[in-house]
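The values are calculated or read from the model by the stated rules, or taken from the named source; none is laboratory data. As the structure is a computational prediction, the values presented were derived from the model and not from experiment. No Cβ is skipped: glycine too gets one built from the backbone with ideal geometry, and neighbour counts run over all protein chains shown. These area figures cover heavy atoms from the full protein model, side chains too; ligands, DNA and RNA do not enter into them. Shrake-Rupley method; radii C 1.70, N 1.55, O 1.52, S 1.80 Å.
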Amino acid sequence: MVSRQRSAGIPSSPNSPAPEQPFLSISVTDPVKLGNNVQAYISYRVSTKTNMQEYRGLEKIVIRRYSDFVWLHERLTERYKGIIIPPLPEKSAVEKFRFSAEFIEVRRRALDVFLNRIAAHPILRQSDDLKSFLQADEDSWVVEKSRTAEGVFKKKPSDFMQIFKDVQSKVTDVVLGKEKPLEETSEEYEKVKHYVTELEDHLGEAQKQSYRLVKRHSELGQALAEFGKSVKSLGGCETGLLGKAFGELGNRAELLSYKLQKQAQDLLMNFEEPLKEYVRTVQSIKAVLSDRAQAFRQQRELFEASKLKEINLEKLRVVRPDKVGEAEIDYRETKLQSDEANRRYEEIVKVMQQEMVRFQEEKTRDLGAVFHEFARGQAQLANDTAEAWKVLASQLDAWSHQSAGKAVESSA
């Protein structure tokens with residue numbers, strides 16, 4: 001949480017209560033399926049509690065769907081260049097899984113994490129788009145989304161065609177070798193790129209292995225359940241101590257089956273999904289790197305254009321004084337654009353450096369907690385498993401001795 005700053009020049013009394021810390025807490029709950037067939041979707045209850053003055057009231061509840069979360073993510077990405085925007089959970093690639101209970105719960109949790117990461121960010125939490133998302137009633141929300149969507153269509157068709165032609169020309173020049181794309185070569189930039197590439201590889205591999213681990217636990221749990229059922233049926237065919245032994249073996253197998261499948265679910269939610277979220281976060285970092293690269297190219301291109309126009313202006317002062325006025329205006333406009341592009345680039349670099357420090361701190365804390373919980377869960381499962389088989393082994397030993405004693409008595 002971010003502390004409120006003390007008013008300048010007003011000393012606080014040692015006996016006065018500490019100022020209330022601002023908080024912004026968000027929860028995503030109660031997923032509900034609405035609509036039918038291809039029009040079906042899931043709505044979520046988004047509850048906000050806050051004491052921040054920028055928000056209307058201490059508590060607010062709104063209903064949002066996944067496309068609304070996408071809107072918020074796109075708005076933040078567009079407005080906050082250089083900031084690592086928390087990632088959204090991906091859409092289901094398989095239609096039949098869209099409304100499965102597991103998929104809905106995984107997505108609900110991920111959307112909850114998405115909003116609370118934004119709420120915890122010192123800059124993003126101040127976003128007007130976030131405030132609208134969290135507070136606007138249904139009618140106001142429709143108006144807000146329509147208003148912001150209009151910005152995409154403000155350009156004339158001819159403007160879009162010109163942009164397309166410019167991009168197409170640039171791509172053609174690069175492909176044909178006429179022009180190489182400008183790339184930043186600073187040591188800091190190369191170091192970040194290398195780190196992100198390695199992090200993506202290692203996180204991806206860890207997430208893949210966590211998926212296999214979840215699957216193994218689930219399959220072993222199902223196998224134990226089937227084994228327990230079959231052994232109990234076998235025990236039903238026997239009498240005396242042997243029947244009891246088979247029955248108890250089946251009970252223990254079913255107990256461990258339940259624990260394994262519960263552990264598989266816990267691993268999915270608290271181990272695999274957090275790793276997947278960080279895999280997605282790496283994509284957000286790559287998007288910031290892309291914005292930085294684009295800002296660098298724009299800055300360099302406008303700088304070169306400005307220098308060329310300055311040289312041309314000096315030539316015209318000698319050979320064509322009548323053209324100096326028009327050329328000077330053109331040069332000044334380009335120089336202003338170059339200065340603004342340089343300011344944008346330097347701002348993205350500065351913000352990104354701060355964001356990478358923040359990301360490292362969050363990653364260390366979050367993944368440390370994830371792996372600690374993973375180790376604790378595995379240790380508990382191992383203890384439960386050992387205890388279950390230990391108790392069964394003691395019972396089987398006792399029954400074996402009883403059976404042996406009865407056999408001796410019978411032979412005597």
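Worth a mention:
- Centre-to-centre, using Cα atoms only, the range 365-396 and the range 237-312 are separated by 23 Å.
- Computed with a 1.4 Å probe on the full set of protein chains, the accessible area for Ser306 sits at about 10 Å².
- Ordering Lys259, Lys350, Lys81 by accessible surface, largest first, gives Lys350, Lys81, Lys259; the 1.4 Å probe counts only protein heavy atoms, with every chain in place.
- Exceedance of the 25 Å cut-off in Cα-Cα distance is limited, within the set Lys131/Lys193; Lys208/Lys229; Lys229/Lys259; Lys91/Lys350; Lys145/Lys276; Lys193/Lys309, to Lys131/Lys193; Lys208/Lys229; Lys91/Lys350; Lys145/Lys276; Lys193/Lys309.
- Of all accessible heavy-atom area on the range 238-371, the percent that carbon and sulfur account for (1.4 Å): 54 percent
- Electrostatic dipole magnitude of the range 301-412 [Cβ: Lys, Arg +1; Asp, Glu -1; Cα centre; debye, to 20]: 180 debye
- Solvent-accessible surface (1.4 Å probe) assigned to Ile85 amounts to roughly 10 Å².
- Given charges at beta-carbon only (K, R positive; D, E negative), |dipole| of the range 17-135 in Debye: 160 debye
- Given charges at Cβ of Lys, Arg, Asp, Glu: the range 257-359 dipole, positive-most of Val318, Leu260, Leu302: Leu260
- Each of Ala120, Val70, Asn51 was placed along the dipole of the range 47-125 (beta-carbon charges, centred on the mean Cα), and the one lying farthest toward the positive end is Asn51.
- Cα centre as origin, Lys/Arg/Asp/Glu Cβ charges: the range 239-336 dipole, Debye: 180 debye
- For Val349, the solvent-accessible surface with a 1.4 Å probe is about 20 Å², rounded to the nearest 10.
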